[in-house]
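*Asks:* Structure incoming, see below.
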Amino acid sequence: MILYDYFRSSAAYRLRIALNLKGLEAERRFVHLRKGEQRDPGYLEINPQGLVPTLIIGDLVLTQSLAIMEYLDETHPEPPLLPSNTEDRAWVRSIAQTIACDIHPIDNTRVMQYLEKRLQVDEAKRNDWYGHWIRLGFEAIESRLRARPKSPFAFGDRPGLADVCIVPQVANAGRVKLPMGPYPRIAAINAACLEHPAFAAAHPSRQPDAE
Ligand SMILES: N[C@@H](CCC(=O)N[C@@H](CS)C(=O)NCC(=O)O)C(=O)O
């Protein structure tokens with residue numbers, strides 16, 4: 001199993017956590033996103049979107065962190081990343097997708113670089129943009145978490161797909177010093193997860209390519 005990774009990539013961070021939760025080890029290949037290595041022809045042959053993560057298992061090339069994590073959950077069911085009940089699975093996926101489909105893509109490296117280089121948006125405005133979309137998503141997630149009984153993790157007593165997406169997104173929020181006060185449930189889940197060894201080992205600062 002080969003993981004194309006970058007320490008600061010929150011999508012790759014999700015997958016690192018999921019692999020750790022499943023007790024799976026991958027050989028790591030690092031793609032330096034700030035140097036533009038994701039657009040090297042060799043990498044584009046592997047992942048034509050020029051994004052990390054990519055997971056290779058034998059002849060199988062897997063892209064898109066949510067799709068990869070669901071694949072891993074089906075092939076390595078223990079411990080499960082999703083609840084057993086259909087309705088609960090839909091709820092957990094909706095939290096994960098709020099982050100992976102609605103917050104993260106608008107704040108992605110290539111979007112931020114487009115704002116900077118093509119549209120000449122200055123750093124303060126770029127940070128405003130970055131924080132704005134996180135706030136909007138976090139408000140919705142906080143409200144959905146509040147509507148459920150309080151639990152250590154997003155859904156129940158063990159971490160799953162929602163937590164795996166929340167923690168890297170909170171790390172991204174920290175990069176623009178977004179105050180977490182308005183999101184006490186998200187902050188508490190993040191704190192609980194950071195104590196968990198699978199999350200701790202996946203932290204960007206603990207990766208071999210960390211700067
Ligand atoms: N939806 C994709 C997003 C992957 C993605 O956007 N990865 C970012 C890093 S977090 C990336 O490779 N960005 C490179 C770029 O924007 O040029 C997934 O969940 O895997």
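*Asks:* May I ask you to say which residue of LEU55, LEU82, LEU62, LEU51 is over 23 Å from LEU33 (Cβ atoms) and either at pLDDT below 95 or not in a helix (DSSP H, G or I) (or both)?
*Replies:* After applying the criteria, what remains is LEU82.
*Asks:* Restrict the check to the stretch 175-197 and report whether at least one residue is in contact with a His (Cβ under 9 Å, 6 or more places away or on another chain) and surrounded by 17 or more Cβ atoms within 10 Å (Cβ to Cβ).
*Replies:* For the stretch 175-197, residues in contact with a His (Cβ under 9 Å, 6 or more places away or on another chain) and surrounded by 17 or more Cβ atoms within 10 Å (Cβ to Cβ): absent.
*Asks:* Then there's this: Can you pull out the residues in the stretch 32-61 that are within 11 Å of the ligand (Cβ to nearest atom), more than 18 Å from the chain's Cα centre (by Cα) and on the phi > 0 side of the Ramachandran plot?
*Replies:* GLY36, the sole residue that qualifies.
*Asks:* Conditions first: (1) within 14 Å of the ligand (Cβ to nearest atom); (2) of a type in the set (Asp, Glu); (3) touching a residue at least 40 places away in the same chain (Cβ under 8 Å). GLU139 passes all but one, so which condition is the exception?
*Replies:* Just one mismatch for GLU139, condition (1).
*Asks:* To continue, here is another question. Residue under question is ALA171, and the condition is that it be among the hydrophobic types (A, V, I, L, M, F, W, C), under 16 Å from TYR6 (Cα atoms) and touching a residue at least 40 places away in the same chain (Cβ under 8 Å); does it hold?
*Replies:* Yes, satisfied.
*Asks:* For the stretch 1-31, enumerate the residues that are in a helix (DSSP H, G or I), among the hydrophobic types (A, V, I, L, M, F, W, C) and away from the ligand (no atom under 12 Å from the Cβ).
*Replies:* Pass one, the stretch 1-31, residues in a helix (DSSP H, G or I): 10-22.
Filter once more, keeping what is among the hydrophobic types (A, V, I, L, M, F, W, C): 11-12, 15, 17-19, 21.
Within the stretch 1-31, ILE17, LEU19, LEU21 meet the criteria.
*Asks:* For the stretch 93-136, enumerate the residues that are near the ligand (Cβ under 10 Å from one of its atoms) and outside any helix (DSSP H, G or I).
*Replies:* Matches in the stretch 93-136: ASN108 only.
The values are calculated or read from the model by the stated rules, or taken from the named source; none is laboratory data. These numbers were taken from a predicted model, which means no experiment stands behind them. Quick reminder, even Gly has a Cβ in these numbers, built from the backbone with ideal geometry, and neighbours come from all protein chains shown.
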